[in-house]
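Heads up: the structure comes next, in structure tokens.
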Amino acid sequence: MKPGIWTSYLIELSPREMVKTFAAHGWAYLELSDEHGHDLLKEGDPLTIGAAFRRYAADYGLTFPQGHLCLCTKGCRPEDLPGREVMDIAPPETRDFQAAMEMMKRWVDLFQGLGIKAGVIHAGGDKASKAGWSPERIFEQRVKAIRQVAEYSRGGPTVLCLENMNSPGLRTAGELLALKQATGMDNIALCLDTSHAILSGVDPAIFIREAGAALQALHLSDNLGSHDDHMLPYGRGLVAWAEAMTALRQVRYAGLFNLEIPGENRCPLPVRLAKLDYARNLLHWMIEFEAR
């Protein structure tokens, strides 16, 4: 396992300033965030931009083993905010579904150019649920969407990693494995979000063991059980980290050991950078010593 962190921790920085700052604080592996992905996509052809940014990061000793496919339809800069909404890859309307698939193709191209191995993806379905669709129909719409994205991604380095959500049908490893199996695609894996697991009443260690070799991405954070607080491990949160680390070793997890902690960046930048140094040391300790 290699220590990594979601780049949204430095959300206000441009992609290149973000790379320089993480490198200056000793990080070598990152998960590209939705926000920085949108910034890059504004620059031109996704494959070309992805390859160029990959080379830029490499000059600073950084790589992107993991990335988060679009969470929102636009980025977070002031010019992006009009019309920005949460991305749903499996909406009920045909026109919206086709538009979502076209957007996902651009993101896959960007990730292929960057050489990202684990592309974290949300299975969607919220709009269909609000439209009154049955769970069975929502499942089929999710399968259709995931299959199309996986077919487009096939042959490249990026494996789609279905993230567990606090939503019906997406909470447990078994539910996500059922989606994976229904697509019939072999370039689909799972991502465990430890905070989402706690909010769903799921034990992260049980999720890890059930996912087994299909687990290829992590979003590590903690919460107090009622909100997605995105806190660092070993604070006031509820995740049993020793048990989770034992499970990760049992399944021989080899993906990015990756923090997703935007709840820790609501502070002045000097404080945030001090936390960043602590976070790197904490991950190294967890990988080397916790639960051994």
Estimate the FRET efficiency between residue 12 and residue 95 by the formula 1/(1 + (r/R0)^6), using the beta-carbon distance for r and 35 Å for R0, to the nearest 0.05.
0.55
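Past 22 Å, Cα to Cα, is the threshold; run 2/275; 42/180; 144/180; 42/275; 105/130; 2/117 against it and keep the listed order. Show your work: numbers first, answer last.
On the way: 2/275 19 Å; 42/180 31 Å; 144/180 11 Å; 42/275 30 Å; 105/130 26 Å; 2/117 14 Å.
Pairs exceeding 22 Å: 42/180; 42/275; 105/130.
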Considering the Cα trace of the chain, what is its radius of gyration and what is Dmax, both in angstroms?
18.0, 52
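Extension gain residue 234-residue 126, at 0.36 nm per residue separation less the Cα-Cα distance, in nm? Don't skip to the end; give the middle numbers.
Numbers: separation 108, 0.36 × 108 = 38.88 nm, distance 3.22 nm.
Contour length minus the Cα-Cα distance gives 35.7 nm.
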Treat each spin label as a single point 7 Å out from the Cα along the C-beta direction, and report the residue 288 to residue 136 distance in nm.
5.5
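For residue 266 and residue 56 in the same chain, what is the full-extension length gain: residue separation times 0.36 nm, less their Cα-Cα distance, in nm?
Values: separation 210, 0.36 × 210 = 75.60 nm, distance 2.82 nm.
Gain in length upon complete extension: 72.8 nm.
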Residues with amide H under 5 Å from that of residue 159, placed H, sequence gap 5 or more:
118, 119
Env charge @ residue 287, Cβ radius under 14 Å, K,R +1 / D,E -1, value +3
In order over segment 68-76: 3J(HN,Hα) from phi, Karplus 6.51/-1.76/1.60, θ = phi - 60°, whole Hz, x for each Gly or Pro, gives 9, 4, 3, 8, 10, 6, 9, x, 10
Euclidean distance of C-alpha centroids, segment 265-284 and segment 153-225, integer Å:
27
List the residues, sorted by chain then number, that are 5 or more residues from residue 215 or on another chain and whose placed amide H is less than 5 Å from its amide H.
190
What is the set of long-range amide H partners of residue 87 at a cut-off below 5 Å, with H atoms built 1.01 Å from backbone N?
72, 73
Where labels lie 7 Å past Cα in the beta-carbon direction, separation of residue 154 and residue 81 in nm:
4.3
Loop-resident sites, segment 86-158, for GluC sites (Glu not before Pro), counting at most 15 other Cβ within 10 Å (DSSP):
93
Of 176, 48, 224, which is farthest towards the positive pole of the chain's charge dipole, taken about the Cα centre with +1 and -1 on the beta-carbons of Lys, Arg and Asp, Glu respectively?
48
Run the dipole for segment 2-288 about the Cα centre, Lys and Arg Cβ at +1, Asp and Glu Cβ at -1, nothing else charged, and hand back the magnitude in debye, nearest 20.
400
Cysteines without a disulfide-compatible partner [the chain; Cβ-Cβ under 4.7 Å]:
70, 72, 76, 267
For segment 191-207, Karplus couplings with θ = phi - 60° (6.51, -1.76, 1.60), whole Hz, Gly/Pro x
10, 9, 9, 5, 5, 4, 4, 4, 5, 8, x, 10, 6, x, 5, 5, 4
For segment 155-169, list residues with backbone N below 17 Å from a point placed 7 Å from the Cα of residue 200 toward its Cβ?
160-169
Positive-pole candidate from 60, 4, 270, dipole of the chain, charges at beta carbon
60
Could you derive backbone 3J(HN,Hα) for segment 216-222 from the dihedral phi with the Karplus parameters 6.51, -1.76 and 1.60 (θ = phi - 60°), listing whole Hz in sequence and x where the residue is Gly or Pro?
10, 7, 9, 10, 9, 6, 9
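Here, each number is a calculation from the coordinates, and none is a lab measurement. Because the structure is a prediction, the values reported are computed rather than measured. Every residue, glycine among them, receives a Cβ derived from its backbone with ideal geometry; neighbour counts consider all protein chains shown.
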